[in-house]
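The values are calculated or read from the model by the stated rules, or taken from the named source; none is laboratory data. This is a predicted model, so every value here is computed, not measured. Cβ sites come from the backbone with ideal geometry, for glycine too, and all protein chains shown count toward neighbours. Side chains are part of the model used for accessible areas, which takes the heavy atoms of the whole protein and leaves out ligands, DNA and RNA. Shrake-Rupley method; radii C 1.70, N 1.55, O 1.52, S 1.80 Å.
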Amino acid sequence: MKNYYELSMSDKLTKEDIKEILLETNPEVLDEIYKQSYKMKENTVGKKVYYRGIIEFSNICAKDCFYCGIRKSQESVDRFSMSEDEILEMAKWACDNNYGSVALQSGEIQSEEFTQRVESVLCKIKELSDGKLGVTLSLGEQSRETYERWYKAGGHRYLLRIETTNPELYAKMHPSDSLHSWHTRVECLKNLRDIGYQVGTGVMIGLPFQTLDDLVADIQFFKDMDIDMIGMGPYVYSQDTPFAKFYENTKENRDKAFELGLKMIAAGRLYLKDINIAATTALQALHPLGREKGLKAGANILMPIITLQQYRSKYQLYDNKPCIDDTPEHCKACLSGRIKSVGD
Ligand code: SAM
């Protein structure tokens with residue numbers, strides 16, 4: 001087999017090589033590929049795993065993405081929005097437990113009230129942590145002015161998945177209106193970069209209608225956009241969503257999506273070398289050792305859910321989301337064990 005590590009080190013790894021990695025199904029060859037991508041991780045970003053504790057503070061969403069369990073039209077969802085004190089309690093917990101960073105995530109709301117609320121939370125997190133706790137925002141598409149205000153208030157990283165870099169596939173996954181425009185999403189990523197945020201993006205992997213060429217183009221997009229962090233993960237079936245009818249939720253399909261998720265991490269690591277890559281919760285939804293395998297394939301970031309327990313079951317983006325019954329303490333102990341088991 002090819003030595004993708006050496007090819008990458010001599011800047012000769014091509015898009016054809018990425019496709020070859022994504023096409024590979026032989027377990028022995030795949031093991032070897034993961035060893036190569038892990039070696040790339042060791043030699044670029046090292047074996048240190050960074051935590052970004054996710055606080056999912058509201059499931060109220062104005063959008064209607066066809067694949068998502070908290071989309072606006074999902075009537076069975078019990079909507080919640082944490083109080084400012086509850087969000088700060090979680091941030092304080094993260095700080096006391098030596099997390100370097102938290103990620104504030106929610107459904108997508110564009111309003112002055114929402115903008116102010118996030119601004120206020122950012123200022124108070126700065127205060128309570130003496131400016132030590134980094135904050136990643138994952139609050140969807142917003143105006144440039146809103147992104148600027150949040151940056152000034154202390155949010156210096158932003159995670160906005162492009163979901164897919166193929167505009168035609170994007171159109172199949174969303175209603176066709178101005179609220180769900182692929183071009184707006186790209187514009188948002190450019191604005192974020194321009195303002196000075198460290199920008200994270202990513203895609204869902206194994207989507208109905210998605211091809212391997214789409215995924216190769218996704219990795220190229222991360223490179224072309226000079227992205228700082230990749231947060232990508234397998235698409236997971238979410239019942240009662242419009243997209244569910246295009247996906248046969250069999251073990252075989254779930255295993256395939258999971259394996260493709262790992263191959264994307266490996267290919268991303270080999271192609272982009274020193275980028276930050278998250279081993280996402282969706283990997284864990286499809287395999288009990290999902291995140292460990294993600295770290296083994298080349299990921300170096302974990303995003304433990306630190307949302308207060310009473311809200312976790314209401315933030316179900318897809319079926320069988322893991323850690324729903326856990327407390328932040330459980331998650332912390334469980335993850336440090338998982339990291340050590342990998343040798344990171
Ligand atoms: N509204 C914000 C946004 O769009 O960036 C943040 C919240 S949104 C629920 C967070 C991410 O959940 C999306 O970027 C999407 O990739 C992921 N997601 C939603 N439904 C999913 C599914 N069925 N399988 C896997 N990931 C999913």
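Quick notes on this one:
- Selection status of N276, touching a strand residue (DSSP E or B) at 6+ places or on another chain (Cβ under 6 Å), polar (S, T, N, Q), modelled with pLDDT of 95 or more and open to solvent by 20 Å² or more (accessible area, probe 1.4 Å): yes
- In summary, K256 fulfils each of the numbered conditions (1) outside any helix (DSSP H, G or I); (2) open to solvent by 10 Å² or more (accessible area, probe 1.4 Å); (3) within 15 Å of the ligand (Cβ to nearest atom); (4) farther than 20 Å from G200 by Cβ with the single exception of condition (1).
- Looking only at segment 285-297, and only at residues there that are open to solvent by 20 Å² or more (accessible area, probe 1.4 Å) and within 16 Å of the ligand (Cβ to nearest atom), the one that is nearest to L317 (Cα to Cα): A285
- Residue match in segment 305-325 (condition: assigned to a helix (DSSP H, G or I), in contact (Cβ under 8 Å) with a residue 24 or more places away in the chain, within 16 Å of the ligand (Cβ to nearest atom) and open to solvent by 10 Å² or more (accessible area, probe 1.4 Å)): yes
- Criterion: at positive phi and at pLDDT 95 or above - qualifying residue of D226, D177: D226
- Restricting segment 102-127 to residues that are under 21 Å from the mean Cα position of the chain (by Cα) and either at pLDDT below 95 or of a type in the set (V, I, T) (or both), the residue that is nearest to K332 (Cα to Cα) is V102.
- Residue match in segment 227-245 (condition: open to solvent by 30 Å² or more (accessible area, probe 1.4 Å), part of a helix (DSSP H, G or I) and within 14 Å of the ligand (Cβ to nearest atom)): yes
- Those residues of segment 16-31 which are surrounded by 15 or more Cβ atoms within 10 Å (Cβ to Cβ) and part of a helix (DSSP H, G or I), in sequence order: D17, I18, K19, E20, I21, L22, L30
- Contacts under 8 angstrom Cβ, first residue in segment 70-94 being at negative phi, partner among the acidic types (D, E) and assigned to a loop (DSSP other than H, G, I, E, B), 6 or more apart: R71/D64; K72/D64; S73/D64; Q74/D240; S76/D240
- Selection within segment 47-62 - in a strand (DSSP E or B) and either more than 18 Å from S76 (Cα to Cα) or out of contact with any strand residue (DSSP E or B) (no Cβ under 8 Å at 6 or more places or on another chain) (or both): Y50, Y51, G53, I54, I55, E56, F57
- Filter result for T281 (in contact with a strand residue (DSSP E or B) (Cβ under 6 Å, 6 or more places away or on another chain), within 16 Å of the ligand (Cβ to nearest atom) and under 30 Å from K190 (Cα atoms)): no
- Matching entry among I60, I55, I70 (being touching a Cys at 6+ places or on another chain (Cβ under 7 Å) and of a type outside the set (F, W, Y)): I70
- Scanning segment 64-91 for residues that are assigned to a loop (DSSP other than H, G, I, E, B) and surrounded by 20 or more Cβ atoms within 10 Å (Cβ to Cβ) turns up C65, Y67, C68, G69, I70, R71, M82.
- Every condition in (1) open to solvent by less than 30 Å² (accessible area, probe 1.4 Å); (2) within 23 Å of D274 (Cβ to Cβ); (3) of a type in the set (A, V, I, L, M, F, W, C) is met by M9 except one, and the failing one is (1).
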